[in-house]
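A.B. asks: Take this structure first; my questions come after.
All of the numbers you see were taken from the coordinates with simple rules; none came from a lab. Since we're looking at a predicted model, the values are computed, not measured. Counting neighbours? That spans all protein chains shown, and the Cβs are built from the backbone with ideal geometry, glycine included.
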Amino acid sequence: MSKPLLTVTLNPALDLTGHIGQIQVGSVNVVKSGSLHPAGKGINVARVLRDLGAEVAVSGILGAGNQQAFRDLFKQYGLTDHFMAVPGDTRINVKMVEENGDVTDLNFPGVAVADDELKEFEARLLRQAEQYEYIVFAGSLPRGISAEASRDLIAKLQQKGAKVLFDSSKEALVKGLEAKPFLIKPNEVELAEWAGQPLDTEEALRAQAEKLCAEGIANVVISRGADGVLWCADGECWAAKPPRMEVVSTVGAGDSMVAGFAWGLSQGMDKEQILRLASAVSALAVTQIGVGVPNKQQLADMMARIDVKRLG
């Protein structure tokens, strides 16, 4: 029996997703269909992990004013709920999905977390961490939690013996890397921003990944959209590429990939199997609205179609 996994989402959101032909900026747009559902990177990861067969707990910070939809979702999916509520409302993020697959995000600010609330959350999280070997720490930061505070949380979790899989961007990514997480998963744009230079080739991406590995990050995973994924670890690099997919929405594809890595690593799979799994769940995610792996046979078929190679 494998140990349960924990995901941490400090800045969850209610996602208001709308589907539209093409956005006309500066004019009235009529949305064809829409949905409002609880989300956030760590929550998305937890849902995919659950579908893969994991026992999963979720932690983070919710606004007390509209927390019920999240609590209901956790119950529905059988996720152990460690979330802490603070005064205010969890933010609503608007995602407009165009027919060509482009997604326009309007991400609102989250709740404001007071210093004493952050201290209480940290104490709770560090107590909980002792039960988990793998912890996914994902997403943006709410007001009141600095990139430095986030970095320190990651460092303290790892000092407790946890292996932290970290997925964030901008300043949170820059500072988070200083904590030397067990695994990071920037996309190629985020890594180029961090590096301060264009990374237009696999060779350039690999050079940065190997540099980060040399600095003490055990697993550097770079997601490359339709070009697949590059993974450097243990002194070697691997690449995987999915077949061309009919894209419905790219929302949740990166979170699905993180879930695949978390599950594969926690199950002790070899690198090729982990890459096949992570690439397959990510590829399937773009063919649907929302996240999840409803069909295990479909996943197995997709895993067989992933092109995996060890780079020389």
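A.B. asks: In the chain, what percentage of the DSSP-assigned beta bridges are antiparallel, given to the nearest 5?
C.D. replies: Around 45 percent of the beta bridges assigned by DSSP in the chain are antiparallel ones.
A.B. asks: Moving on. How large is the dipole of segment 160-312 about the Cα centre if only Lys and Arg carry +1 and Asp and Glu carry -1, each at its Cβ, rounded to the nearest 20 debye?
C.D. replies: My answer is approximately 400 debye.
A.B. asks: Local charge sum around Gln298 (other residues, Cβ-Cβ under 12 Å, Lys/Arg +1, Asp/Glu -1)?
C.D. replies: Result for the local shell: 0.
A.B. asks: Rounded if a/c is under 1.5, else prolate if a/b beats b/c, else oblate: with a ≥ b ≥ c from the C-alpha gyration tensor eigenvalues square-rooted, which is segment 36-97?
C.D. replies: Since a/c reaches 1.5 but b/c is at least a/b, the shape of segment 36-97 is classed as oblate.
A.B. asks: What's the magnitude of the charge dipole for the chain around its Cα centre, counting Lys and Arg as +1 and Asp and Glu as -1 at the beta-carbon? Answer in Debye, nearest 20.
C.D. replies: Roughly 580 debye, rounded to the nearest 20.
A.B. asks: Now, a different point. Using the Cα gyration tensor of segment 45-136, with a ≥ b ≥ c the square roots of its eigenvalues, what is the shape: rounded (a/c below 1.5), prolate (a/b larger than b/c) or oblate (neither)?
C.D. replies: oblate
A.B. asks: Quick check on the chain: helices-only [θ] at 222 nm, where DSSP H runs of length 4 and up contribute -39,500 (n - 2.57) each and the sum goes over total residues. Nearest 500, please.
C.D. replies: -11500 deg cm²/dmol
A.B. asks: While we're looking at this one, here's another question. No partner Cβ under 4.7 angstrom, meaning no disulfide-compatible partner by this rule: which Cys of the chain qualify?
C.D. replies: Cys213
A.B. asks: Here's a follow-up. For the chain, calculate the relative contact order in percent as a whole number, restricting contacts to Cα pairs under 8 Å that are 6 or more residues apart.
C.D. replies: 16
A.B. asks: What aspartates and glutamates could a cross-link reach from Lys75, if we take a straight Cα to Cα line under 15 Å and drop same-chain neighbours fewer than 8 places away?
C.D. replies: Cα-Cα hits under 15 Å: Asp51, Glu55.
A.B. asks: For the cross-link pairs Lys3/Lys296; Lys3/Lys170; Lys211/Lys309, which exceed 24 Å when the distance is taken from alpha carbon to alpha carbon?
C.D. replies: Distance filter (> 24 Å) returns Lys3/Lys170.
A.B. asks: Right, here's the next one. Express in whole angstrom the spacing between the alpha-carbon centres of segment 103-126 and segment 265-287.
C.D. replies: Computed from Cα coordinates, the inter-centre distance equals 30 Å.
A.B. asks: If you don't mind, another one. What is the Cα convex hull volume of the chain when expressed per residue in Å³?
C.D. replies: Dividing the Cα hull volume of the chain by its residues yields 136 Å³.
A.B. asks: Now for a different question. Using a/c under 1.5 as the rounded threshold, could you call segment 85-213 rounded, prolate or oblate? The axes a ≥ b ≥ c are square roots of the C-alpha gyration tensor eigenvalues, and prolate needs a/b larger than b/c, oblate otherwise.
C.D. replies: Taking the square roots of the gyration eigenvalues as a ≥ b ≥ c, segment 85-213 is oblate.
A.B. asks: May I ask for the distance between the Cα centers of segment 1-51 and segment 195-234, given as a whole number of Å?
C.D. replies: If we compute the Cα centre of each part, the gap is 26 Å.
A.B. asks: Grab the other residues whose beta carbon is less than 15 angstrom from that of Ala85, score K and R as +1, D and E as -1, and report the net.
C.D. replies: Once all neighbours under 15 Å are counted, the net charge is -3.
A.B. asks: Okay, next question. Please compute the modelled spin-label separation between Lys156 and Glu215, points set 7 Å along Cα→Cβ, answer in nm with one decimal.
C.D. replies: Each label point is offset 7 Å from its Cα along the Cβ direction, giving 2.4 nm.
A.B. asks: Continuing with this model, one more query. In the chain, once you exclude exposed trypsin sites (Lys or Arg not before Pro) (DSSP loop, at most 13 other Cβ within 10 angstrom), what's the longest stretch remaining?
C.D. replies: Looking at the chain, 33-243 is the longest stretch - no exposed trypsin sites (Lys or Arg not before Pro) with at most 13 other Cβ atoms within 10 Å.
A.B. asks: Moving on. Can you tell me which lysines have their Cα less than 20 Å from the Cα of Lys32? Leave out same-chain residues fewer than eight positions away.
C.D. replies: Partners found: Lys95.
A.B. asks: Using a simple charge model, +1 on the beta-carbon of Lys and Arg, -1 on the beta-carbon of Asp and Glu, nothing else, what dipole does segment 13-119 show about its Cα centre, in debye to the nearest 20?
C.D. replies: Dipole magnitude for segment 13-119 comes out near 160 debye.
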